[in-house]
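The values are calculated or read from the model by the stated rules, or taken from the named source; none is laboratory data. Keep in mind the model is a prediction, meaning the values are calculated, not measured. Here the Cβ positions follow ideal geometry from the backbone for every residue, glycine too, while neighbour counts run over all protein chains shown. These area figures cover heavy atoms from the full protein model, side chains too; ligands, DNA and RNA do not enter into them. Shrake-Rupley method; radii C 1.70, N 1.55, O 1.52, S 1.80 Å.
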Amino acid sequence: MNKQGTSETVISIGSTTSLLKRDWLPIVIVIAAALIALVFVGSPSIWLTLTLAGLAMGMMVFIVASGLTLVFGLMDVLNFGHGAFVTVGAYLAYAVLTMMTGLTVADNLVLNVLALIAVVIVAAVGAGFLGWIFERIIVRRVYGDHLKQILITMGGMIVIEQVVMMIWGSQEQLIQLPTSLRGAFVMGDAVVEKYRLLVVVFGSVLFLAMYFSLSHTRIGLLIRAGVEDAEMIQALGYRIRRLFVGLFVVGSGLAGFGGVMWVFYRGTLTADIGGELMILAFIVIIMGGLGSITGCFISAILVSVVANYVAFLVPEMAMTSTIILLVAVISWRPRGLFPLTKR
Amino acid sequence: MTQPILQLENVHTYIEQYHILQGITFDVAENGFTVIVGRNGAGKTTTLRTIIGLWQAKSGTVKLRGQEIQDQTTSEIARAGVAYVPENMGIFGDLTVRENMILAARRGKFDTDRLEWIFGLFPPIKKFWNLAAGNLSGGQKQMLAIARAIIEPSDLLLIDEPTKGIAPAIIEDMIDAFLELKRMQTTILLVEQNFAFAAALGDDVVVIDDGQVVHRGAMETLSSNPDLQQQYLGLALNE
Amino acid sequence: MISSLLSEDLPRSRIVAFTLILLLMAMLAAPVAIGGLTIMSVFVKIAIFVVLVGSFDLLLGYTGMISFAHTMYFGIGAYGTGIALKSMGASWEAIAIGFLAGAFLSFVIAVAVGLFSMRTKTIFFAMITLAVANAFAVLVNQFYTITGGHDGLIFQIPRVLKPAFVIIPRDVFGVPINGTTLSYYAILLICGLLFLLMLRIVNSPFGRVLQAIRENELRAEALGFNVLRHRVVVSCIAAVLACVAGALNALWLRFVGPEVTLDLQVMLDVLLIVVIGGMGTLYGAIIGAGVFVFAETYLQGAIAYIAPMIAEVPVVSVVIHPDRWVFWLGILFVVSVYYFPEGIVGRLRNRAAELANIKK
Amino acid sequence: MDSAPNIADHYPVIETKGLSVSFGGHLAVSDVSCCFEEGTLTAIVGPNGAGKTTYFNLISGQLKSTSGQVFLNGEEITQYPVARRAQCGIGRAFQLTNLFPELSVQENIRLAVQSMAKTRDSFLTLWSSHKDLIVKADHFLELAGLEQYAKANASTLSHGNQRKLEVAILMALEPRVYMFDEPTAGMSVDEVPIVLDLIKRVKSEGNKTILLVEHKLDVIRSLADRIVVLNNGEVVADGDPTTVMASDIVREAYLGRARQDRVGTAK
Amino acid sequence: EDSIKITVIQDVTGSAVLESYANQVYRGFDLGIQWATEGTGKVLGRDIEVIRKDTTIKPDRARALLAEAYEDGSVLVVGSTSSGITKSMLPVAQDYEKILLVAPAVADSITGEDWNRFIFKSSRNNSFDMQAQAVAMRLDENTSIGIIGEDYAFVRDGAAALKEAVKKYGATVAAEEFVEVNAADLTPALERIAQKMENAKGRKILFAYFGFLPNYMGKIMNWGPERYNLEPTSIILTLPALETFKVVPGMEGGAFYYYGLPKNEINDWFVAEHKKQFGTPPDFFTVEGFAAASAVVTALKKANSTETEDLIAAMEGMEFPSVRGPRTFRAEDHQAMMPMYHVKLANEEGVAWAVPQLVRKIEPEEFDIPIRNER
Ligand SMILES: Nc1ncnc2c1ncn2[C@@H]1O[C@H](COP(=O)(O)OP(=O)(O)OP(=O)(O)O)[C@@H](O)[C@H]1O
Ligand SMILES: Nc1ncnc2c1ncn2[C@@H]1O[C@H](COP(=O)(O)OP(=O)(O)OP(=O)(O)O)[C@@H](O)[C@H]1O
Ligand SMILES: [Mg+2]
Ligand SMILES: [Mg+2]
């Protein structure tokens, strides 16, 4: 073997796709949609308000859907109970917040953000722990069988929601943001809620973290391979079960995180809060391409921003716009914007 | 003689309610090359799957270097140094060739020399490095399955019918490859229908029929004796 | 005779057969023997769900298509009939026109959805139908001037079907035989016939092809079966059957509303019934619907019966509380998947087959 | 159409003209023009990845060609979907076993028989009332030697038996064109002759066109009337077996330099 | 002698929110019986037996339960919260020729097109809310109103009622935007309203009317209506809503109930008893439960009979006490007429909600509630 050949292979066996080879088209489409909307909306300040609001909403959807991309997109578990972890996250946030009013009532940005982060951590860990139990009792039996997954996770969701109602009661509860995160910034004629900005920051950080941990480790590969042929991946020496459990826990934890973000936006909570975004989350994941973090992120933003434009321009179409978008994307790319798997 | 690396003793395996392996007993000698032959449906694949732990033996023992492994999980057995090429090849079709390979390189890095060697053996692997493995041709998939099993050194290599669908020229190379592996201290247990291929490589042979071992011995004995072939394989090969 | 009526697809398990006969007899006798709207409602719901679930099983169990839009067709049938009765008055023509309009709309949507199914994978298809059904529910809500929106619609039905139409007065059997009884038996009869029709369909050559498509679509195509056409056809059959079920439901309730028809919850109930009963066996639809409807109707009552006995026990009294009966329904979901992975009918049939094997 | 009718209106059963397909720049089948006549068995050989299976896919419709045309008895079928081609009489078996796993072996074959029957889509008749189809299915079941597995699910068969079932399904279709993709791969030595007999039977009917992809040289030698060699998607040799097998290009690309006789045959 | 059976059908399970409402209704009903019978639980010398039934928000079940209640001899039946469920029960009352006292559902069609003579409704309807709201908005020719709400029957009917109500003040409705139920983001709709009302003259009021979306006021305030000189307001119904109204101190609006508003003995007793039994002040649905119980007892006393026809005769035009002052079933469509409040919100230290302060009580006579049934 000559040296030359070796070094050549080292290059070719390294990173697969360079940045240039990436598929930029969907991103271009998002930007194009925004620009076309600008023409129709006319007023730049209204456009900006709509765009920023849509962006924040998209981030929120992404955070809630992020766990689902792992569980449904990568692991191929159609978890209809995902919403239950969102609910649990929301209620944990509520519980923690009522315990540490000191930090949240203080009009101090740093303290407030710290409080919020603490809430997120508790909610994510709590939901993750519940996810672990859920995996053991509910999901373990039904890997590979979508239909049973739908039913059993639905059952699990009902049980969790009912337990939440046993603990916290069925009445609607009010939850308030830490003081300094309330209100909005006015920039010229456009407004942005402070909280929405925070969501954009959290969403972006989450996206980058997930993107790098999946593309720089073999976890994503292992899971996809394990879903396709669990026997073979074990025969290669991997403890696929552990990985599945771990990923499920992370997915549930992310749902808990999403629950925190969502409940603060919503302002009040009831036990069925988790179900509200689930259809949207599923749409976003399908549209993005199963298992693709980037796809989930882009399509969450696309859906939300477009929904805002349409709601402003032709409100009658607001509800159908998402479906039309979904059908259009699927007709264009039957496996979603960034297809990762053949499923 | 040294202790055999793998010993099966009176192994019984059930699939659902069917009694498939009905008392399989044989040894695989360290650094040797053992071939299992037998008719379709005899239980060859089941034997390999029982060894790697994909089926659970209902009774009997499977020993790897004297250690009983029949109750261990597949991943434990694999990590104990057993590599496996399944009959259906077990290719991850959604993943690229490279990704298939990197999963087999357990530390996440390739030994470049070994990779070069594989590229030399199976040129399509290199050529289609970034292609989704599901799109490979039948023979190319088979090559990938073997490449995946040999990218890391292992103590025992279980291979289920590697030559099916492989063109003669590559079979040639495969013979060389297996011989080289053998030189590199890998023990190979091969299930094979292509008797010429088996005969070219095997030291020992095990004939399975109806879930039982009907013949064990040196390859020489069988390959040179048409009567035995007629008896065990239903067909004399050197007419 | 019975065998060909059942398209040679017999229950193949004594327990199943026995249960079916028992249920059928109970259904026939109930209005006279027990009387009262409660028991009739239970049985009518079972009968209607047999058609709804059975038609869904044509898609799911036989063809392997997961669709969340099935109750949408159920809703279209119900709304079509309801809206026509409301706007045209209580006449048979209104029922006919409303139902036909609903069936036609279902047919058109089913063709569109069926055609779209070709482009995507099963699970994508499922998710898309979920979104479509959701959007449809929102639309119904928005067109509230026609549909009654969130609150639904009530309407009159022909007098012959109403309790005011007395056939045999109360004092003869102790229970009145009237228009309600008449519609009860009519619904039972129609549902029974539709069940036999479905049984025939799945045991026809066409039905075999559906199963082949479920197993391996590409191979079915390679054998020369036009997969797309089969999918579209079965989607239409299932949609129209669901539509009939919806119309019957509307006539029985004299009300249509999203909770009874379009809610995702109804769809999930249907799914649960299919799985409890056993996918890919139409008898499963009967057993599943029976188990489910009885559980739904009496579970809360049963818990309310137990609850006072354990009212003092701290945690248990919270869990076993009539208001928490949904918790137990959730447990039922989980348990049924755990213990009846192939459904009750599947399980019983396997057992019967094993017993037969042993005897041999 | 530029193809002037052949003399005496004779068309080859299958003809491909300039058939090509490329995957992202990689030409898997490149400009293949070939005719296959009634009553002949043509073996298609070539190294792995030569494009044999892809060529089959183009003929039977699983893949759409990038350019070129396919004709069946002079009728262009390039745009026909898979099912329609099958109905026209193009039948194929797959290299990687492709069955209805949870249906019984018998049902697998029945479906093939049914596909060619007029009643295939009938809704309201009972499947079991079509006795003729069942009898026919059982006939092919027997031919393939799978009677004992008739009621077993296809997924529970061993690999070799699944291969046999694959062949039996093709037989049951009774097409005009049979395409076998490595029918004997993974089949035990004593079972290979059963499959070969099946193919010979079809051949002896005289009016069938058979395409066969195989890597076993002895099989090719015993069956083929003609050999087409593909390499890198192109036809590199075409002719009668002895000449083709002896040609340098085949030795070079396919058989491997020196030892071709040791491998793939019993000698 | 036998007890008098009264069945209360509510939508308890099946939806978290409705469950808490149903429980309030039950509490209110029990308190109402307790108060109206002066703690004896007896009327006409017979015990009142209250039977509770849960529709689980299923119309088919609701109908069966209602039929069952009548068959079991309930004198009359009270129910329910969800307008849809209630509507599905109306024909059953007619079939059985027994009274269904509707509470606390609101849909206008219950006393309108879907009405039959066995239906009485002790709860309010949209027009009360909207006419009270119109009063509270202090309208004149120089005001324009923008309406934002959800796109469904309840809100749409409300908006129509409001438009009707503002006519007599000469104010104009300059914009109406309805978002999908449970829409997550109000921004586009708000921007549209702002755009449409940009050139409207005089005072600009933004009236928000939502049935499902919680905390809409917070969302509106975050969006910044003051940038366009829009004054947000809404109708005040429940305590949880008041919690979210802390962001709009000084807001004036119509109100149905707040435990501090009515100044009468019944309310004093009611609030004290509720706090004693449950530790919290009573709220909207408890009040409606109480009113229903009061109507039942008053009717039985007045009719001095448990026969349906006697009861109907007694109830038409009957006045019955409630914690917000007396209500009267009007004879034409059996809708109860009742007072409302005009309030102004203020935030008080240590109180978790915005506290409504009475500006004025709007008496039943001031309302012009259309009669829509075809009697
Ligand atoms: N999942 C299963 N369920 C039931 N029976 C099975 C299953 N898998 C294999 N069998 C049966 O076990 C027997 C042995 O199968 P096995 O695959 O081990 O045969 P083999 O010797 O590898 O044959 P081949 O040469 O055809 O691959 C066969 O009769 C087969 O039908
Ligand atoms: N969908 C696809 N995308 C990309 N490349 C493909 C695709 N399908 C086939 N190929 C490539 O086309 C070439 C021809 O494949 P084909 O399966 O026809 O080979 P073959 O001659 O049948 O080989 P074998 O004998 O190994 O089965 C291979 O190199 C394969 O990798
Ligand atoms: Mg095998
Ligand atoms: Mg091939």
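Odds and ends about this structure:
- Test set (1) open to solvent by less than 20 Å² (accessible area, probe 1.4 Å); (2) among the small types (Gly, Ala, Ser); (3) away from ligand 4 (no atom under 16 Å from the Cβ); (4) on the phi > 0 side of the Ramachandran plot - B:Gly108 fails condition number: (1)
- The residues of the stretch D:108-118 that are closer than 16 Å to C:Val227 by Cα and open to solvent by 20 Å² or more (accessible area, probe 1.4 Å) amount to a single one, D:Met116.
- Cross-chain or 6+ apart pairs with Cβ under 6 Å, the stretch B:163-188 first and in contact (Cβ under 8 Å) with a residue 24 or more places away in the chain and at positive phi, then open to solvent by 20 Å² or more (accessible area, probe 1.4 Å) and more than 16 Å from ligand 3 (Cβ to nearest atom): B:Gln185/B:Asn31
- Within the stretch B:88-196, helices (runs of 4 or more DSSP H) holding 2 or more residues that are within 14 Å of chain D (Cβ to nearest Cβ), within 16 Å of ligand 2 (Cβ to nearest atom) and small (Gly, Ala, Ser): B:138-150
- Set B:Thr50, B:Thr61, B:Thr25: member being crowded, with 17+ Cβ neighbours inside 10 Å and away from ligand 2 (no atom under 16 Å from the Cβ): B:Thr50
- Search result, residues across the stretch E:200-217 that are modelled with pLDDT under 90 and within 14 Å of chain A (Cβ to nearest Cβ): E:Gly211, E:Phe212, E:Leu213, E:Pro214, E:Asn215
- Members of the stretch D:91-110 that are facing chain C (nearest Cβ under 9 Å) and either β-branched (Val, Ile, Thr) or without any contact (Cβ under 8 Å) to a residue 24 or more places away in the chain (or both): D:Glu107
- Qualifying residue in the stretch D:175-188 (condition: β-branched (Val, Ile, Thr), within 16 Å of ligand 3 (Cβ to nearest atom) and out of contact with any Gly (no Cβ under 8 Å at 6 or more places or on another chain)): yes
- For the stretch A:164-177, a residue qualifies if it is within 11 Å of chain E (Cβ to nearest Cβ) and in a helix (DSSP H, G or I), and the qualifying residues are A:Val164, A:Met165, A:Trp168.
- As a summary of the residue check, D:Leu211 satisfies the conditions (1) buried (at least 23 other Cβ atoms within 10 Å of the Cβ); (2) within 20 Å of the chain's Cα centre (by Cα); (3) away from ligand 2 (no atom under 16 Å from the Cβ) except for the one numbered (3).
- Residue in the stretch D:206-217 that is of a type in the set (Ser, Thr, Tyr), away from ligand 4 (no atom under 16 Å from the Cβ) and at pLDDT 90 or above present: yes
- Within the stretch D:25-53, residues that are part of a helix (DSSP H, G or I) have Cβ atoms under 6 Å from residues that are of a type in the set (A, V, I, L, M) and open to solvent by less than 10 Å² (accessible area, probe 1.4 Å) in these pairs: D:Lys52/D:Ile44; D:Lys52/D:Val213; D:Lys52/D:Leu230, counting only partners at least 6 apart in sequence or on another chain.
- Residue in the stretch C:192-199 that is closer than 23 Å to C:Val32 by Cβ, open to solvent by less than 10 Å² (accessible area, probe 1.4 Å), more than 11 Å from every other protein chain (Cβ to nearest Cβ) and at pLDDT 95 or above present: no
- Hits in the stretch A:221-249 - residues which are part of a helix (DSSP H, G or I), open to solvent by 10 Å² or more (accessible area, probe 1.4 Å) and facing chain B (nearest Cβ under 10 Å): A:Leu221, A:Leu222, A:Arg224, A:Val227, A:Glu228, A:Ala230, A:Glu231, A:Gln234, A:Ile240, A:Arg241, A:Arg242
- Filtering the stretch B:30-42 for residues that are open to solvent by 10 Å² or more (accessible area, probe 1.4 Å) and in a strand (DSSP E or B) leaves an empty set.
- Residue tally, condition of a type in the set (S, T, N, Q) and outside any helix (DSSP H, G or I), over the stretch B:74-87: 0
- Some residue of the stretch E:33-53 being within 24 Å of C:Gly330 (Cβ to Cβ) and within 24 Å of the chain's Cα centre (by Cα): yes
- Of all residues in the stretch E:64-122, exactly one satisfies the criterion of being basic (Lys, Arg) and open to solvent by less than 10 Å² (accessible area, probe 1.4 Å), namely E:Lys121.
- The residues of the stretch B:26-36 that are within 16 Å of ligand 3 (Cβ to nearest atom) and out of contact with any Gly (no Cβ under 9 Å at 6 or more places or on another chain) amount to a single one, B:Ile36.
- Taking the stretch A:178-201 as the range and being outside any strand (DSSP E or B) and at pLDDT below 85 as the test, the residues that pass are A:Pro178, A:Thr179, A:Ser180, A:Leu181, A:Arg182, A:Gly183, A:Gly188, A:Asp189.
- Within the stretch C:1-34, the only residue that satisfies the criterion of being closer than 21 Å to C:Ala186 by Cβ, in contact (Cβ under 8 Å) with a residue 60 or more places away in the chain and open to solvent by 100 Å² or more (accessible area, probe 1.4 Å) is C:Ile34.
- The set of residues in the stretch D:47-85 being within 18 Å of C:Val227 (Cβ to Cβ) and either polar (S, T, N, Q) or within 12 Å of ligand 2 (Cβ to nearest atom) (or both) consists of D:Asn57, D:Ser60, D:Gln62, D:Leu63, D:Lys64, D:Gln79.
- In the stretch D:67-107, the qualifying residues are those that are assigned to a strand (DSSP E or B) and either open to solvent by less than 20 Å² (accessible area, probe 1.4 Å) or within 16 Å of ligand 3 (Cβ to nearest atom) (or both), and the one that is farthest from D:Leu212 (Cα to Cα) is D:Ser104.
- For the condition closer than 30 Å to E:Tyr152 by Cα, assigned to a helix (DSSP H, G or I), modelled with pLDDT of 85 or more and open to solvent by less than 40 Å² (accessible area, probe 1.4 Å), C:Ala295 does not qualify.
- For the stretch C:299-318, a tally of residues being open to solvent by 50 Å² or more (accessible area, probe 1.4 Å), β-branched (Val, Ile, Thr) and either within 18 Å of E:Gly14 (Cβ to Cβ) or part of a helix (DSSP H, G or I) (or both) returns 4.
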